[in-house]
Amino acid sequence: MTTAVLPKTIPELVQRSADLWPDATAIIDLDRRLTFAELHRETVELATRLSAVGVRRGGRVAIWMGNSVDWVLADLAVELLGATVVPVNIQFSPDEVRYVLEQSRSDTLVMDGHFRERDLRSELSAFSGQLADLRTTIVHDVASPVTSTDGQVSWSELLASDLDGELERSASPDAVAYILYTSGTTSFPKGVQL
């Protein structure tokens with residue numbers, strides 16, 4: 001009797017689901033639908049591109065975006081690389097966002113450029129110079145794509161970049177996958193490692 005080897009990480013679970021049910025729907029977001037095979041392929045492609053801009057095992061990548069397929073892809077790609085995901089509540093005030101980025105020592109930020117009426121890029125620019133660890137910011141803004149500049153990368157330009165090199169899959173069941181922050185009802189948010 002053989003025992004099936006169960007996936008030990010979330011990226012392994014996505015890959016296994018793609019192998020078992022490639023054409024089954026994995027995620028739906030408004031007018032965008034991905035099968036498990038597409039979810040796995042797009043995760044690997046995004047991870048390869050994130051690796052090219054410096055995301056590495058042990059790094060900390062904050063994701064400050066509204067709920068979307070691209071948020072899920074960013075999360076899975078970061079985990080596949082063995083980096084820690086730091087979700088940042090899209091409703092946090094600029095002071096709370098600064099605190100989370102600083103306290104978590106995030107070295108990369110994936111963010112929406114705008115959310116509802118808020119200009120998140122302007123909010124970030126007010127304090128980004130105070131973040132000693134933040135090296136790269138990837139701006140996701142489908143409404144008005146941005147041009148990549150020093151330290152800032154446009155999501156659309158990132159996705160259009162060449163897929164060079166082999167992806168080093170570094171996800172580990174022993175690594176910290178997430179640093180989650182509370183809403184901070186009595187003071188600033190508090191981080192918990194998972």
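The values are calculated or read from the model by the stated rules, or taken from the named source; none is laboratory data. Predicted model, so just to flag it, every value in this text is computed and none were measured. Cβ placement follows ideal geometry from the backbone for every residue including glycine, while neighbour counts extend to all protein chains displayed. Heavy atoms of the whole protein, side chains included, go into the accessibility calculation; ligands, DNA and RNA do not. Shrake-Rupley method; radii C 1.70, N 1.55, O 1.52, S 1.80 Å.
Miscellaneous remarks
- Selected residue (criterion: nearest to GLU79 (Cα to Cα)) from residues of region 14-43 that are surrounded by 14 or more Cβ atoms within 10 Å (Cβ to Cβ) and hydrophobic (A, V, I, L, M, F, W, C): VAL14
- Condition met for LEU81 (touching a strand residue (DSSP E or B) at 6+ places or on another chain (Cβ under 9 Å) and open to solvent by less than 80 Å² (accessible area, probe 1.4 Å)): yes
- Selection from region 3-13 of residues that are open to solvent by less than 70 Å² (accessible area, probe 1.4 Å), assigned to a helix (DSSP H, G or I) and more than 14 Å from VAL72 (Cα to Cα): none
- Region 111-124 residues that are modelled with pLDDT of 95 or more, paired with ones that are surrounded by fewer than 16 Cβ atoms within 10 Å (Cβ to Cβ) and among the acidic types (Asp, Glu) (beta carbon under 7 Å, 6 or more apart): none
- Among (1) at pLDDT 95 or above; (2) open to solvent by 40 Å² or more (accessible area, probe 1.4 Å); (3) within 23 Å of HIS140 (Cα to Cα), the one test that LEU46 misses: (2)
- Region 49-73 - residue that is in a loop (DSSP other than H, G, I, E, B) and under 12 Å from the mean Cα position of the chain (by Cα) and, of those, nearest to GLU96 (Cα to Cα): MET65
- VAL97 passes every criterion in (1) more than 21 Å from ALA175 (Cα to Cα); (2) β-branched (Val, Ile, Thr); (3) open to solvent by 10 Å² or more (accessible area, probe 1.4 Å) apart from (3).
- Tallying residues that are β-branched (Val, Ile, Thr) and surrounded by 14 or more Cβ atoms within 10 Å (Cβ to Cβ) within region 177-194 yields 1.
- Hey, GLU168 assigned to a loop (DSSP other than H, G, I, E, B) and among the charged types (D, E, K, R) or not: yes
- Qualifying residue in region 102-117 (condition: assigned to a loop (DSSP other than H, G, I, E, B), touching a helix residue (DSSP H, G or I) at 6+ places or on another chain (Cβ under 6 Å) and either on the phi > 0 side of the Ramachandran plot or open to solvent by 30 Å² or more (accessible area, probe 1.4 Å) (or both)): no
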